[in-house]
Structure formats: structure tokens, C-alpha cells
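Below is one structure, written out as C-alpha cells, with a few remarks after it.
The values are calculated or read from the model by the stated rules, or taken from the named source; none is laboratory data. Everything numeric here is computed off the predicted structure, so don't read it as measured data. Heads up, the Cβs are rebuilt from the backbone with ideal geometry, glycines too, and the neighbour counts pull from every protein chain shown.
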Amino acid sequence: MSMEKITMPQLGESVTEGTINSWLVKEGDHVNKYDPIADVMTDKVTAEVPSSFTGTIKEIVAKEGDTIAVGELMCYVETEGNSDYKAESKESKPEDTKKVQTDDLSMKTRYSPAVLRLSQEHNIDLSLVEGTGRGGRITRKDLEKIIEEGSIPSQKTASSTDERAEEVVEAKKATAQASETLETAVGDLEIPVKGVRKVIADNMVKSKTEIPHAWMTVEVDVTNLVNYRNKIKDEFKANEGYNLTYFSFFVKAVAQALKEFPQINSLWAGDKIIQKKDVNLSIAVASGNELFVPVIKHADEKSIKGIARSVNELASKARSGSLSSEDMQGGTFTINNTGSFGSVQSMGVINHPQAAILQVESIVKKPVIINDMFAARDMVNLCLSLDHRILDGLICGQFLARVKEILENVNEDTMSVY
């Protein structure tokens, strides 16, 4: 028999870690190669992790709820062959002591991207942190605990163990006092922040703390669009089998404008800005209490019909829990249909590392002055949030003006559904 490791796979572009939602197997279970063994959630997708081997689950190392870096150990699988598991997990032979110590030191100084990011953000000296991971490796949870306690180690605090211990005690007291001010009353419901909600929370904090947001709004007269869509929607549904929504027209207009203003179709990459050639539009899709942001690839090359099909397929996948990592990758700009909830004006949080997000609000019939006379028109607000490191008001104003122009001139000649 031999012992093989299954590690956290990379479940998407730029994904550096994943949270184990649930194990689908237990120790002692037999699995075949490619059988799903765990549900794992990242900031981009929830997916099943398959077994890389045929054999027996020997030891589950990562627990449900643990967030581990790509490449970190999840579990051991016992397969046919010679076993080296004992040598790794049990007491080492005397002649192996030096090797084990070297391996432990190597593990301790191998930091995941999440650990490096947290240490830089909170000025934590990693050489002073005791890791609880395998081989003494420092995990993200180790740093989160330190930050929560307020006991951030530095060279100064390391000079005095007693002083450091005193600071930890004081930090715990402060935390306890803060908790006391938020007591649960009778009838209150305590909801643990974990799973999808924790990923959303972490992403929103990252976006709001790292991105200097600015906002712009334009009002658009979409009366012609409404009339055109209402005229053909029944025939479209009968022919295609899915609805022709207003949102598809907005997606098409945005995709067209992004080709004309490629600066908006950019990503922030720390020391550089990447202006993307492909127009891949992320759309927000809710399923229960979960929020997904799948991507319409090459949206600028699709017709209204093609976009409507993509929106319908991605929404159906989200509701059935069958979105793949491929469905979630490569987004260059986000467009959010907030109008479906009745919203008339909102300020979206940018989907990091993209440069902007557009909120499409409710279409509302309003009295508008045309040629010095009142007329009932269908109006909608388009609200743009922009990353001021990448974009400024001039280019964003021109972009919104172009989207407005396209939408106000929609008819069967200017924007054919097919």
C-alpha cells in the first residue's frame, strides 16, 4: 500500500485559497479516481473537488470551515503500493530527525498568498508567529486570531515576553468588553458568519479598503427600447423558449461602448493597469442567500438573442448549483441588474480587480419635458462606480454618455435582436 496526498486545487484564475464547505466522504471510505470528495468554496465559485486516486480515505487533515491555500494538504488516500505515510505522520527514526526538522522549517517559512497579504496589511512580523499548521506552517487563521486579539507581534514586542503577554490579556479584555455591548436579547437570532456570507464579506472589505471609489449617474430615456421589446417579446419567447429581458439590451449597449472606450475595460494589477482586449461581462446572479458573479464571454460579439441566452443559462446554472469555475473566470467589467429589486439609485461596490461596475436601475414612467410640453416617458438611471486609480470623471462621463446614446436610439434597425 502507498499513501498519496490530495491538495487544494486551483479552482479558477487568480484563486489562491479555498474554504471547505463540507466533506462528501469520511475516513475509511473507498473512493474511485475522479469521485467528488469535498465541496470547496472560493471567492469565485463553489465546486466539488475530485479524488486524484483510487483508494481509501486514510486521514482527513483539513476540517470543514477551514480556509487553506492552493497546494495545501486536504487529506491522505491509501492506494496500492509501498506506504510512506507512517514515516510522515508517526514518530521519525533517529537517523531521520535532521530531515524532519529541515522539512518542518521549510513548511514554516512557506507562506500562502493570503498569509503574506494579511501580514503586510497589519505589519505582522511572520518570524515571530507560531504556526498551527502542518510542520509549524502559519495559516490564515493564525493571523486572523492574532489580529482579533490585538496581539500583533513585532521586533519591539518580541523583546519582552511578559510585556507581550500583558498586551494579549489587555486585548482580550477589550474584545470581551466590546462583545458585552452586543448582547443577544430574547428572540434574537445569532447567525454565524461563514461560508458564502464570509467570502462576500471578505471581498467587500477588500474592495472598499483597497479601491478609492467614485460615482457617476446618468438618466436615460428608454421609451423606444421598451416599445421595441414589448412588441417582439411574445414572439421571441415562442421561438426561443426563454424570455427577452430589458437587461439583455443594457448588456449589449455596455459591451458596444466598452469597445469604444477600452480604458473602462481594465484591471488593477498593483504596479500596472491591464487594459483587456476581450469584453467579458460579469453579471450578478442571486440564488437563495448566495450571490454568484458568472461571466458572459465575448459579450461584444453576441447579438441580443445570444446575450439573452447566456443570461438565461447562467442564471439557471446558479439556481441549480451547477456553475463551473470556467463560468466564473475572466470577467473584465460588471453590470448589475439592481432594477429587478425595484431600486432606482444605488452605488455598487467594484468587483476587484475590475475598474468599474454599472448598476442598471428600475425603468420608471415619468413626466418629461419635450419641446416645452410634458410627455410620459420610460426613464432609467445608470449608476457607475469607478476605481479612481484607473479612471477619472472625463472618460467615465464619455462612456456613460455613449451608453445613453445607444439606449435612447434603440429600434429594429439600430439594435436587431437577431
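Assorted remarks:
- Of the strands (runs of 3 or more DSSP E) contained entirely in region 21-74, not one carries at least 3 residues that are hydroxyl-bearing (Ser, Thr, Tyr).
- Entry remark, region 197-231: residues being surrounded by 15 or more Cβ atoms within 10 Å (Cβ to Cβ), out of contact with any helix residue (DSSP H, G or I) (no Cβ under 8 Å at 6 or more places or on another chain), at pLDDT 90 or above and part of a helix (DSSP H, G or I) number 2 in total.
- Residue list for region 245-282, filter: closer than 24 Å to Val218 by Cβ and in a loop (DSSP other than H, G, I, E, B): Thr245, Phe261, Asn265, Lys276, Val279, Asn280
- Scope region 19-59; condition crowded, with 19+ Cβ neighbours inside 10 Å and of a type in the set (A, V, I, L, M); matching residues: Ile20, Val31, Ile37, Ala38, Val40, Met41, Val45, Ala47, Val49, Ile57
- Within the option set Val360, Val349, being on the phi < 0 side of the Ramachandran plot and modelled with pLDDT under 95 holds for one residue only, Val349.
- Tally of residues being outside any strand (DSSP E or B), within 19 Å of the chain's Cα centre (by Cα) and within 15 Å of Val254 (Cα to Cα) across region 285-328: 2
- Options Val199, Val186: the member that is closer than 28 Å to Gly321 by Cα and of a type in the set (Val, Ile, Thr): Val199
- Subset of region 390-413 (residues that are at pLDDT below 95 and more than 19 Å from Val218 (Cβ to Cβ)): Asn411, Glu412, Asp413
- The residues listed here are Gln263, Gln256, Gln275; of these, the one that is under 19 Å from Pro353 (Cα atoms), crowded, with 16+ Cβ neighbours inside 10 Å and at pLDDT 85 or above is Gln263.
- Here Ile390 does not qualify as within 28 Å of Thr332 (Cβ to Cβ), touching a helix residue (DSSP H, G or I) at 6+ places or on another chain (Cβ under 7 Å) and in the same structural domain as Ala214 (by TED's automatic domain parsing).
- Candidate set from region 317-364 (those that are crowded, with 22+ Cβ neighbours inside 10 Å and without any contact (Cβ under 8 Å) to a residue 40 or more places away in the chain); member that is nearest to Trp268 (Cα to Cα): Ile357
- The combined condition, being at pLDDT 75 or above, among the acidic types (Asp, Glu), outside the structural domain of Asp66 (by TED's automatic domain parsing) and more than 21 Å from Lys206 (Cα to Cα), is fulfilled by Glu130.
- Identity of the residue in region 137-146, outside any loop (DSSP other than H, G, I, E, B) and modelled with pLDDT of 75 or more, that ends up farthest from the chain's Cα centre (by Cα): Ile146
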